């Protein structure tokens, strides 16, 4: 794939009023989600649930792409149509999660580094043949009394850059996700400092590895108060701090930024995105790549009655996509 094609896909991923749905939960993670609605974690149930999400009528009006798990990329609808064909017919770009998860960082208790570089070149070549046009790799940065260490940030950003280089070599747009976790009692200022340090390290590593920034998407966490902080920052404070941090660290030639919901409630994640997009002109589009904040309400409906609630669950998925699409334009209203 040419450089122009990488840039074209990256721009399409952040088209105005559109965002990404993340349905890339590992088998262990989806097991927890299904258990929460008393559904057995079988391959058929996982396939059926993701079919419900991906075949939502008119989903492509507000969803530009979907991040899939390895199993899902290979699956088809109950009528035998490959999910990738269903997506492309709806104007939705297939993506794939390629990391192997966060593992303990030796020598740094409590900190983790994401693994999965071994064999990645061959896996990416196969994913490209299966129809994936972008990929995702998540790094996990935890805030605690003595964390994160500079070593943890550097190790994760180095891995993100190596992953991104392999993606672009394979003709796949890399989505780089350095998630600063909400867990903890830290305030928004501490989150700002850690997020700023992480993004500076990330873009430094991307430049060192000759990454085409114009063919890359950043999946970022918002600058928020820790979940256990007594004083929670307001929607406007989160929007202001996040934009200030991004302007200080992210190059203007990046095609766009999508946010993860990171444990925020559905409505809060939408409100934060909307508030940011009301702040005036920015160097890049700000959109969404939500998992739980796109799925949770639909999962409850579908889990309660897989057949009887099918249409209602899909309507919920569409409404969440529409609300977040409007928030990506700064036009969402909670009323």
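The values are calculated or read from the model by the stated rules, or taken from the named source; none is laboratory data. For clarity, every value in this text was computed on a predicted model and none was experimentally measured. Positions of Cβ are backbone-derived with ideal geometry, glycine not excepted, and every protein chain shown enters the neighbour counts.
At-a-glance table
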quantity: The listed residue being crowded, with 18+ Cβ neighbours inside 10 Å, farther than 23 Å from residue 215 by Cα and either out of contact with any helix residue (DSSP H, G or I) (no Cβ under 6 Å at 6 or more places or on another chain) or modelled with pLDDT of 95 or more (or both), out of 111, 40; calculated: 111
quantity: Cβ-Cβ under 6 Å pairs, at least 6 apart or on other chains, region 26-37 side at pLDDT 95 or above, far side surrounded by 12 or more Cβ atoms within 10 Å (Cβ to Cβ); calculated: 30/46; 31/41; 34/41; 37/299; 37/300; 37/303
quantity: First in region 82-95 and on the phi > 0 side of the Ramachandran plot and modelled with pLDDT of 95 or more, second anywhere and crowded, with 18+ Cβ neighbours inside 10 Å and in a strand (DSSP E or B), Cβ under 7 Å, 6 or more apart; calculated: none
quantity: Some residue of region 127-149 being closer than 23 Å to residue 66 by Cα and surrounded by fewer than 14 Cβ atoms within 10 Å (Cβ to Cβ); calculated: yes
quantity: Top-ranked residue in region 50-66 [being part of a helix (DSSP H, G or I) and in contact with a helix residue (DSSP H, G or I) (Cβ under 7 Å, 6 or more places away or on another chain); ranked as farthest from residue 39 (Cα to Cα)]; calculated: 59
quantity: Residue within region 171-180 that is within 24 Å of residue 5 (Cβ to Cβ), in contact (Cβ under 8 Å) with a residue 60 or more places away in the chain and surrounded by fewer than 22 Cβ atoms within 10 Å (Cβ to Cβ) present; calculated: yes
quantity: Residue match in region 25-36 (condition: surrounded by 19 or more Cβ atoms within 10 Å (Cβ to Cβ) and closer than 27 Å to residue 277 by Cα); calculated: no
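Conditions tested, residue by residue: (1) farther than 15 Å from residue 140 by Cα; (2) in contact with a strand residue (DSSP E or B) (Cβ under 9 Å, 6 or more places away or on another chain).
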| position | (1), (2) |
| --- | --- |
| 202 | no, yes |
| 211 | yes, yes |
| 229 | yes, no |
| 262 | no, yes |
